[in-house]
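The values are calculated or read from the model by the stated rules, or taken from the named source; none is laboratory data. Quantities reported herein were computed from a predicted structural model and do not represent experimental measurements. For neighbour counting, all protein chains shown are included, and Cβ atoms are generated from backbone atoms with ideal geometry for every residue, glycine included.
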Amino acid sequence: MTPAAEVPTNGPPTADLRGWLAALGVSLATSLLIVAPFFWRGTASGHDFEFHATSWLDVAGQWKEGILFPRWAEWANHGFGEPRFIFYPPLSWLLAPALSFIVPWSYVPVAFIVLVQTIAGLSAFALTRRVLPENAALFGAICYAGNPNALLMAYARSDYAELLASAFFPLLFLAVFQLTGVLESSLARWRVVVIFAITLAIVWLSNAPAGVLANYSVALLFIWAAFAERSWKLLAGGAAGIALGLGLAGFYIVPAAYEQRWVDIAQALSAGLLPSENFLYTAISDAEHTRFNWIASTVAVAMIVLTGIAAIASRQEITGRVGRTRGERLWIALVLLAGTATALMLRLSLFVWELLPKLRFVQFPWRWMSILALPFTVLLASVIARRRFGWLWASMLILALFWTGRFLVRHTWWDPDDIPTLQAGIAAGEGFDGTDEYDPMGDDHYNLPAKMPRARVVSPKDAKDSTTRIYFDRWTAEERAMLVVSERPVKLALRLLNYPAWRVEVDGAAVAPEHSEDSGQMILVVPVGESRVTARFERTRDRTVGAVVSVLSLVVCLILYVARAGRSSLSESAAVSSSR
């Protein structure tokens, strides 16, 4: 059995490059196998597909208007808009439209999955190569890129943002293992803190529920390590890294947190979306919901069982390769993650969901499979590294992944016309449906008309078309300008929702818009004569604060990374710790 010291982590440059190229090859090949059904079945139209696709198309349209970082979804609610991009993390809805410059729109989902799952495989390789020989680490890349939860997200859920966030989990936990002394690092401690913070920020900027899962998971490991080592410095370092990571993502987190008071965010926990309705094998009155829950539950149970068996079989292998002390701690950390993720998918953990802040906004307990996928990968790759029966484990796992993918492909709705239909709706000015939890307070978007001109007179009722003329100067996602010529004072209804970030002026004077009785449609009082009406989506103070927080956090990261003080490696500090 190879001692831990002989496991290559920083070998000769040529050999190291060959290893990374091999990891790139197997990760890319796995990703291409995942999307292979797309080429003859069309697009996998999972639960969240329309939400993501419409966001991508809206962003691409705003880029043409010169808006590089959209905040207001122009075509949501059939053209009335919504503040979707304030609340939904930006990386996925920036990445996908960028891919549309390379491939046709119908293939953007394919390109997205291939790119993200290739990154996922490389991330897993970066972690497993620190523990296992190269062949086993390469299998770890395959295992993570094609893990059952990733297949569930790619086919049945179409949750591209969560898929993107999950791709960076191995890098995040690699940094955590280094900070807690479980794995060695040649970098100075504060440099690893910076890497940890950047990776955590990427997770948050990809998907908010994944960010919540990541925060609680890494906090658990830091607390465990602090008690195990009786070192509060480990806990302080972890807290600093978490704070720095959240600070880097502050330009998104601060506005999203502050402006929740302006939208009906509680709709994110409406019927069918509560944790209590989504524990493993929970049945509710909605047959379709129950059917999917059972599919997700079966995938979760399969991962739990395989992880449990691998945990038992891999303990000796891990301790033998990493060293008795470190190997034992790594094994415990992985089992702790797997056990916590498993427990939180079961109904007995309901009190935890109600107790921990914001955990309920994860909504679906089976989302903890994204965390479970990490020990699932490392422990199974460790078993495969064994000289005896490793090939049998590899064969069994590949067969399990194949049958999982086959089942999900056969039970997913496929529609080759999804994106063309959405494109046609936007081109025709009809837009798309809005999102309940992003509906501005006071609005019921189901009461908004599906078709309406940009502006029309609503009062007085006897006003004739001949008495009012409206000339549009500019109409973009973040700016509306028009000239209104009226022979009498009128109330003008705009195809726009009343949201506090909109600054509305009539003849250069700011006005407080009204809204209709049954919706949040913006209504303005326009005086007699010629009136210049403008509405601009302005940068609110919370967005400025968030940007400042991100800039300051970035400055701190740069200072910590380039500082020469305290450059002693984590391996030295861990050696001192283990010698006590």
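Going through ILE86, ILE142 one at a time, which residue ends up being within 30 Å of GLU328 (Cβ to Cβ), of a type in the set (A, V, I, L, M, F, W, C) and in contact (Cβ under 8 Å) with a residue 12 or more places away in the chain?
So the residue among ILE86, ILE142 that is within 30 Å of GLU328 (Cβ to Cβ), of a type in the set (A, V, I, L, M, F, W, C) and in contact (Cβ under 8 Å) with a residue 12 or more places away in the chain is ILE142.
Do we have ARG157 as in contact with a His (Cβ under 8 Å, 6 or more places away or on another chain), basic (Lys, Arg) and within 30 Å of TYR258 (Cα to Cα) here?
Here the answer is yes, as ARG157 does meet what is asked.
Looking for whichever is surrounded by fewer than 24 Cβ atoms within 10 Å (Cβ to Cβ), touching a Pro at 6+ places or on another chain (Cβ under 9 Å), more than 27 Å from TYR252 (Cα to Cα) and of a type in the set (A, V, I, L, M) here; the options are ALA156, ALA188, ALA226, ALA126. Which one fits?
ALA126
This table checks each residue for (1) out of contact with any helix residue (DSSP H, G or I) (no Cβ under 8 Å at 6 or more places or on another chain); (2) of a type in the set (S, T, N, Q).
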{"position": "ALA510", "(1), (2)": "yes, no"}
{"position": "SER519", "(1), (2)": "no, yes"}
{"position": "PRO527", "(1), (2)": "yes, no"}
{"position": "SER531", "(1), (2)": "yes, yes"}
{"position": "GLY546", "(1), (2)": "no, no"}
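Somewhere in the stretch 46-65, is a residue closer than 18 Å to ALA150 by Cα, hydroxyl-bearing (Ser, Thr, Tyr), in contact (Cβ under 8 Å) with a residue 60 or more places away in the chain and assigned to a helix (DSSP H, G or I)?
no
Can you tell me which residues in the stretch 361-399 are over 19 Å from VAL212 (Cβ atoms), among the small types (Gly, Ala, Ser) and in contact with an Asp or Glu (Cβ under 9 Å, 6 or more places away or on another chain)?
Result: SER382, ALA385.
For VAL409, which of the numbered conditions (1) touching a residue at least 40 places away in the same chain (Cβ under 8 Å); (2) outside the structural domain of TYR144 (by TED's automatic domain parsing) fails to hold?
Going through (1) touching a residue at least 40 places away in the same chain (Cβ under 8 Å); (2) outside the structural domain of TYR144 (by TED's automatic domain parsing) one by one, VAL409 breaks only (2).
Go through (1) out of contact with any Ser or Thr (no Cβ under 6 Å at 6 or more places or on another chain); (2) among the aliphatic types (A, V, I, L, M); (3) assigned by TED's automatic domain parsing to the domain that holds ILE398; (4) without any contact (Cβ under 8 Å) to a residue 12 or more places away in the chain for ALA343 and report which single condition fails.
Every listed condition holds for ALA343 apart from (1).
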